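K.L.:
What follows is a single structure, and I will ask about it in a moment.
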Amino acid sequence: MRLGFSPFTTGLDYRTAFELAAELGLFLEIAYDQHEVDPRLPGAKELAEMGRSAGVGFTVHLPFVDWNLASLVPSVWRLSLERTQRALDFAGQIGAYCGVLHTGSVPLRHPEALAQARRLLERALSELEPVVPLALENLGLDEDDLLETPDELAQLLQAHPQHGFCLDVGHALVQLGLEGPQTYHQLLCGRLIHWHLHDNRGASDEHLPCGEGQVDWGWVRQALKGFSGTAALEVTGGAEGVRRSVALLQQP
């Protein structure tokens, strides 16, 4: 398994993040939204060179800000699709191991609206041209999220066997309680290519360092044994939050 962390969630600038990643043998999960809105950040070519120089690899979190692949508004849907494809191309240019994708939201909770949103999401997943493996992430945090159950995500992945699954243990805990991560893992372990690791106290998506909330990290460590994909820490707390989380995951 390759382990990494998100500089965006951790609150570290790239210089510090690369130093920490190189020291601990981690990769970096790049938040593409940051690169869209901040021209001061390195472009794909420069970022790839920074990674080569530091011996640090990447994954990419695809757009999620002002973005919705399930949008019922045609212009919003098209722009979301275009942004996602640009982000996938960016991921390919930096040699990312995979790209992580949210599955959209529908504020209008009407049966016809929900059905159309599902069709639009499926169309987007069919039209995207991933140059890196694509991992669909479990959400279920908000009443507007399109997919409300693990079974719905499983059905979506069954319809799109070209894509994989990202298990976010913090999201699963908020959505389903203490057994949430195990529920998603049992249902979708065969499609699992990436993890998001962070903690919370069960009520909201706090992104605490591992061990500071209610996630069963003993179970997580056991589930990660033999896993050949990638796992990214999405923790707050700066470099110390990363260090504490890595130490907990390395416990026997």
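K.L.:
Quick check on the stretch 35-44. Is at least one of its residues within 23 Å of Leu139 (Cβ to Cβ), without any contact (Cβ under 8 Å) to a residue 60 or more places away in the chain and touching a helix residue (DSSP H, G or I) at 6+ places or on another chain (Cβ under 8 Å)? Write out each step before concluding.
P.N.:
Step one: of the stretch 35-44, the residues within 23 Å of Leu139 (Cβ to Cβ) are 35-37.
Going one step further and asking which of them are without any contact (Cβ under 8 Å) to a residue 60 or more places away in the chain, we end up with 35-37.
Now narrow it down to the ones that are touching a helix residue (DSSP H, G or I) at 6+ places or on another chain (Cβ under 8 Å): 35-36.
Yes, there is a match, as at least one residue in the stretch 35-44 is within 23 Å of Leu139 (Cβ to Cβ), without any contact (Cβ under 8 Å) to a residue 60 or more places away in the chain and touching a helix residue (DSSP H, G or I) at 6+ places or on another chain (Cβ under 8 Å).
K.L.:
Something else: Ala70: touching a helix residue (DSSP H, G or I) at 6+ places or on another chain (Cβ under 8 Å), modelled with pLDDT of 95 or more and hydrophobic (A, V, I, L, M, F, W, C), yes or no?
P.N.:
On the way: touching a helix residue (DSSP H, G or I) at 6+ places or on another chain (Cβ under 8 Å): yes; modelled with pLDDT of 95 or more: yes; hydrophobic (A, V, I, L, M, F, W, C): yes.
Considered against the rule, which asks whether it is touching a helix residue (DSSP H, G or I) at 6+ places or on another chain (Cβ under 8 Å), modelled with pLDDT of 95 or more and hydrophobic (A, V, I, L, M, F, W, C), Ala70 comes out as yes.
K.L.:
Turning to a different aspect of this structure: Inside the stretch 111-177, counting only helices (runs of 4 or more DSSP H) that do not spill past its ends, which hold 1 or more residues that are surrounded by fewer than 21 Cβ atoms within 10 Å (Cβ to Cβ) and in contact with a strand residue (DSSP E or B) (Cβ under 8 Å, 6 or more places away or on another chain)? Reasoning before the result, please.
P.N.:
On the way: elements: 111-127, 150-159, 169-176.
It comes to 150-159.
K.L.:
Right, next: Let me spell it out: the conditions are (1) within 19 Å of Glu148 (Cβ to Cβ); (2) touching a Pro at 6+ places or on another chain (Cβ under 9 Å); (3) among the aromatic types (Phe, Trp, Tyr), and Phe165 meets all of them except one. Which number is the exception?
P.N.:
Exception for Phe165: condition (2).
K.L.:
Same structure again: Please verify whether the stretch 205-212 includes one or more residues that are assigned to a strand (DSSP E or B), touching a residue at least 24 places away in the same chain (Cβ under 8 Å) and closer than 21 Å to Glu29 by Cα. Before you say what the answer is, go through the steps one by one.
P.N.:
Taking the stretch 205-212 and keeping what is assigned to a strand (DSSP E or B), we get 208.
Adding the requirement that they be touching a residue at least 24 places away in the same chain (Cβ under 8 Å) leaves 208.
If we keep only those that are closer than 21 Å to Glu29 by Cα as well, we get 208.
Yes, some residue in the stretch 205-212 is assigned to a strand (DSSP E or B), touching a residue at least 24 places away in the same chain (Cβ under 8 Å) and closer than 21 Å to Glu29 by Cα.
K.L.:
Please pick out the residue among Val56, Val100 that is in contact with a helix residue (DSSP H, G or I) (Cβ under 9 Å, 6 or more places away or on another chain) and under 26 Å from Gln222 (Cα atoms).
P.N.:
Going through Val56, Val100 in turn, just one is in contact with a helix residue (DSSP H, G or I) (Cβ under 9 Å, 6 or more places away or on another chain) and under 26 Å from Gln222 (Cα atoms): Val56.
K.L.:
With respect to Gly241, is the statement that it is in a helix (DSSP H, G or I) and under 19 Å from the mean Cα position of the chain (by Cα) true?
P.N.:
On the way: in a helix (DSSP H, G or I): yes; under 19 Å from the mean Cα position of the chain (by Cα): yes.
Against the criterion (in a helix (DSSP H, G or I) and under 19 Å from the mean Cα position of the chain (by Cα)), Gly241 qualifies.
K.L.:
Quick test for you: out of Ala232, Ala223, Ala203, pick the one residue that is open to solvent by less than 40 Å² (accessible area, probe 1.4 Å) and out of contact with any strand residue (DSSP E or B) (no Cβ under 7 Å at 6 or more places or on another chain). Working first, answer last.
P.N.:
Working: Ala232 fails: out of contact with any strand residue (DSSP E or B) (no Cβ under 7 Å at 6 or more places or on another chain); Ala203 fails: open to solvent by less than 40 Å² (accessible area, probe 1.4 Å).
Selected residue: Ala223, the only one of Ala232, Ala223, Ala203 that is open to solvent by less than 40 Å² (accessible area, probe 1.4 Å) and out of contact with any strand residue (DSSP E or B) (no Cβ under 7 Å at 6 or more places or on another chain).
K.L.:
Please list, ordered by first then second residue, the pairs with beta carbon atoms under 9 Å, 6 or more apart or interchain, first in the stretch 236-252 and at pLDDT below 95, second surrounded by 14 or more Cβ atoms within 10 Å (Cβ to Cβ) and among the aromatic types (Phe, Trp, Tyr).
P.N.:
Pairs that qualify, where the first residue is at pLDDT below 95 and the partner is surrounded by 14 or more Cβ atoms within 10 Å (Cβ to Cβ) and among the aromatic types (Phe, Trp, Tyr): there are none.
The values are calculated or read from the model by the stated rules, or taken from the named source; none is laboratory data. The structure displayed is predicted, hence computed values, not measured ones. As a convention, Cβ positions derive from the backbone with ideal geometry for all residues, glycine included, and neighbour counts pool all protein chains shown. To get the accessible areas, we keep the full protein, side chains included, count just its heavy atoms, and leave off ligands, DNA and RNA. Shrake-Rupley method; radii C 1.70, N 1.55, O 1.52, S 1.80 Å.
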